[in-house]
1. Restrict the check to the stretch 163-173 and report whether at least one residue is modelled with pLDDT under 90 and over 37 Å from the mean Cα position of the chain (by Cα).
2. Which one is modelled with the lowest pLDDT, of the residues in the stretch 389-418 that are part of a loop (DSSP other than H, G, I, E, B) and under 27 Å from the mean Cα position of the chain (by Cα)?
3. If I ask for residues that are within 26 Å of THR565 (Cα to Cα), in contact with a strand residue (DSSP E or B) (Cβ under 7 Å, 6 or more places away or on another chain) and of a type in the set (S, T, N, Q), which ones from the stretch 293-342 would you list?
4. Considering only the stretch 122-137, I want to know if a residue exists there that is under 30 Å from VAL203 (Cβ atoms), assigned to a strand (DSSP E or B) and out of contact with any Phe, Trp or Tyr (no Cβ under 8 Å at 6 or more places or on another chain).
5. Does any residue in the stretch 299-313 that is farther than 17 Å from MET328 by Cα come within less than 6 Å, Cβ to Cβ, of a residue that is near ligand 1 (Cβ under 8 Å from one of its atoms) and part of a loop (DSSP other than H, G, I, E, B) six or more places away or on a different chain, and which pairs are these?
6. Out of all the residues in the stretch 273-281, is one or more in a helix (DSSP H, G or I), away from ligand 2 (no atom under 16 Å from the Cβ), touching a strand residue (DSSP E or B) at 6+ places or on another chain (Cβ under 6 Å) and closer than 30 Å to GLY670 by Cβ?
7. For the stretch 437-501, which fully contained strands (runs of 3 or more DSSP E) count at least 2 residues that are more than 16 Å from ligand 1 (Cβ to nearest atom)?
8. Tell me whether the stretch 472-481 contains one or more residues that are surrounded by 18 or more Cβ atoms within 10 Å (Cβ to Cβ) and at pLDDT 90 or above.
Amino acid sequence: MSDVTDISGDVPGKASVALTGNKKIQEKLQRLGIRTEMDLVLHLPLRYEDETHLFPISNAPQGKAVQVEGVIVHNEVLLKPRRQLVCRVEDSSGMLCMRFLNFYGSQIKAYAVGKRVRLFGEIRHGFFGSEMVHPKCRIINRNEPLADAMTPVYPVTGGLTQKTLSSLIGRVLKYPHDKSLLAETVPPEIVQQNRLPGFRESVLTLHHPPPDVSVVTLQNQTHPAWQRIKFDELLAQQLSMRLHYRQRRSRKAPRLNYKAVLHDLFMTRLSFSLTAAQMRVVKEISGDLGSNHPMQRLLQGDVGSGKTIVAALAALQAIDNGYQAAIMAPTEILAEQHYQKLSAWFEPLGIQVAWLSGSQKKKERQTVLTVIESGETMLAVGTHALFQDQVNFHQLGLAIIDEQHRFGVHQRLALRMKGMKGMKGVQVPDKSEQVPHQLMMSATPIPRTLSMSYFADLDVSVIDELPPGRSPVVTKLLSDSRRDEVIDRIQQACRKGKQVYWVCPLIEESETLQLQTAMDTYETLCSTFADLHVGLVHGRLSAQEKTDIMAQFKQGEVQLLVATTVIEVGVDVPNASLMVIENAERMGLSQLHQLRGRVGRGSDASVCILMYQKPLSEIARKRLKIIFEHSDGFEIARQDLHLRGPGEFLGARQSGVPMLRFADLELDGGLLTAAQAAADEMLNHYPDQTQHHIKRWLGDKTEYLRV
Ligand code: ADP
Ligand code: MG
């Protein structure tokens, strides 16, 4: 394979030429993100207007924009009920009123009685009879020919008219400064295989549709020209993501071979056996670790599917080969819990586990840093403190990130760059230097098409099965006017020896207010349940305080735990079988799903009560309905994606990944599959075209794609 990693260099349409001599227009273009000739070419119409037909005024269809032609027979400026210009236009079939609420003096003159005009707009029946409000109005001569093609309507910004934009685009298409502007970047075999039209032909069709084009397919973006554009966009995304995947994959990593002895010993001591899904992903990961190129794998599994044990087995394989492993979690509570669980699993095998967190005392931290650096400790568990500059591993072979979606782009970048022995800080490792394998875990299930596209730079493993013996959580929706019933339920549960979470309202605008609400709730519940042990955990407590309260809850000393959403990720207390979430209408779907996942971990039937406050917004109502009706995380994620669109859904990741402007993952799944196959083919055999294609679509945006 020749080197396709260099995507600098001059590429068609990306040279910076002045698009217009007019500074003001230039600025407005920039506001639309248009800087280059190619940006103009790819500024495709939002929709089209049909000005190829004329309708008789009295016979024009209702409810859609139409074109009519007639002569102005009356023209006046009314002052009541508000100032407006009203003209009556007549053709042989009838008459209509056109009204302008905002107008220039010049318009009053221009629309003089006797002038012939062509109007485009929607006809309504109002106070003045048939009327068009603010139609597009052009003065014409008799027998002026009709447009012979659909008229494109472009996305515009304030001050830039359709006319200016469309003439700029027309000029670039006709007389590009760069002669190879519309050159084909996709090899002909691939274009033919997918039965797509050429790039040039496609953009010309979309900007200037020929008269005989199928209007419907143009409007709903299924026309072959649209297909080609969407394919190219998806292809660019695949190419850039796979390219980065290959770049990272081309680095060296230690070979960490599977060894049966320690693995089997570990398994015999475990109190349960793995589910089939767990076994499958353990095998996939184990295979990757045995390669001398770094693993870059995302392990997805719904809440409670048992990812921790999979992580532990991966770590064990590294350790058995003499390399260290690190597990990082996004919150102290979760990291601490991992530390306890992993110590209990590993220490009996003689493997020391270290704990590192940001809130540790200096001296304690120093000791931990020393044993990590000397290699005395083979497994380090912690928050992102684990990947700060002062932490030097003796020989890090595997880095595991739990709940990776909770970390920001920068933290993930730092982690990825955290290299092997002796490497300090965040530097891009030398190509010859070994880098650790990386396993990312996430309980936010990602719908398949989304993961095929936005996670194309990772290998993905999925645990699609829950451990046996779980009983599904029953979800109840209660208006908070029915608080008394909730109180009763808590009494009953605790009387039976069960434990309860009470999740306080999320107040995004103010952390102080959030904290205050949590304390108030705690006090109220303490007096309501005078005979119960009530605990409170929130984000402002010190690490030690959090640890203590969680330990008390785990041991059953605390029966009712009042908590902020800090317990959202990972917390595992099987005896807790009732959860109350206050103001559930304020929370996102994935958050609700994660929270609910804290119960239903033991064998008892569990209940999650979602309390909401009326009135509910439309979107809140939809969210609550989805969470009420579904328990499968993948289904919830699919619906969430549908509700919010990929940009919102992906959150932090989006800043590092090229977003899609044209392709719609829900509708264009077939094109995505085709683009995926084409990307492999191109990366293997067509380095030049690959380079040109990425540049055409992504320009310099590929720089972000390192995370
Ligand atoms: P998550 O995927 O949400 O991180 P955990 O790893 O915390 O899930 O596992 C949830 C619970 O299920 C833990 O108590 C864990 O010990 C238990 N568990 C994991 N795998 C199995 C299994 N195969 N059989 C029974 N229990 C399991
Ligand atoms: Mg977990």
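1. No.
2. The initial filter retains those residues of the stretch 389-418 that are part of a loop (DSSP other than H, G, I, E, B), namely 389-395, 402-403, 407-408, 418.
Going one step further and asking which of them are under 27 Å from the mean Cα position of the chain (by Cα), we end up with 402-403, 407-408, 418.
Values: ASP402: 91, GLU403: 83, PHE407: 70, GLY408: 62, LYS418: 58.
Among them, the one singled out is LYS418.
3. GLN300, SER305
4. So far as the stretch 122-137 goes, yes, one or more of its residues are under 30 Å from VAL203 (Cβ atoms), assigned to a strand (DSSP E or B) and out of contact with any Phe, Trp or Tyr (no Cβ under 8 Å at 6 or more places or on another chain).
5. VAL303/ALA443; VAL303/GLY597; GLY304/GLY597; GLY304/ARG601
6. Filtering the stretch 273-281 for residues in a helix (DSSP H, G or I) gives 276-281.
Then drop every residue that is not away from ligand 2 (no atom under 16 Å from the Cβ), which leaves 276, 279-280.
Subset that is touching a strand residue (DSSP E or B) at 6+ places or on another chain (Cβ under 6 Å): none.
No: the stretch 273-281 contains no residue that is in a helix (DSSP H, G or I), away from ligand 2 (no atom under 16 Å from the Cβ), touching a strand residue (DSSP E or B) at 6+ places or on another chain (Cβ under 6 Å) and closer than 30 Å to GLY670 by Cβ.
7. Working: elements: 437-442, 459-463, 473-479.
Here the list reads 437-442, 473-479.
8. Of the residues in the stretch 472-481, the ones surrounded by 18 or more Cβ atoms within 10 Å (Cβ to Cβ) are 473, 475.
Cutting the leftovers down to at pLDDT 90 or above gives us 473, 475.
Yes, the stretch 472-481 contains at least one residue that is surrounded by 18 or more Cβ atoms within 10 Å (Cβ to Cβ) and at pLDDT 90 or above.
The values are calculated or read from the model by the stated rules, or taken from the named source; none is laboratory data. The structure displayed is predicted, hence computed values, not measured ones. Using ideal geometry, Cβ is built from the backbone for each residue, glycine included, and neighbour counts are taken over all protein chains shown.
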